[in-house]
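So the structure is just underneath, and the comments pick up after that.
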Amino acid sequence: MKKLEQIRQESKEIKDKIDYTEERLRKLKNQEQKILKQDIEKRRKERTYRQ
């Protein structure tokens, strides 16, 4: 029975780590999208100034 509890605890810890990692990944992807969007807008502005 002790072994089962230990496995459950380890499983929960692993699940928590996965959740944390997925959350970080989502935030980084959002950040990347914002940066790409800003870059696109910057290029558009540069193009309109050149014309």
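Coordinate-derived values only; no laboratory data. What you see is a predicted model; the values in this text were computed from it and never measured.
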Rounded tilt (10° steps) of 2-50 against the dominant C-alpha axis of the chain: 0
Per-residue [θ]222 nm for the chain (sum of -39500 (n - 2.57) over DSSP H runs n ≥ 4, rounded to 500): -36000 deg cm²/dmol
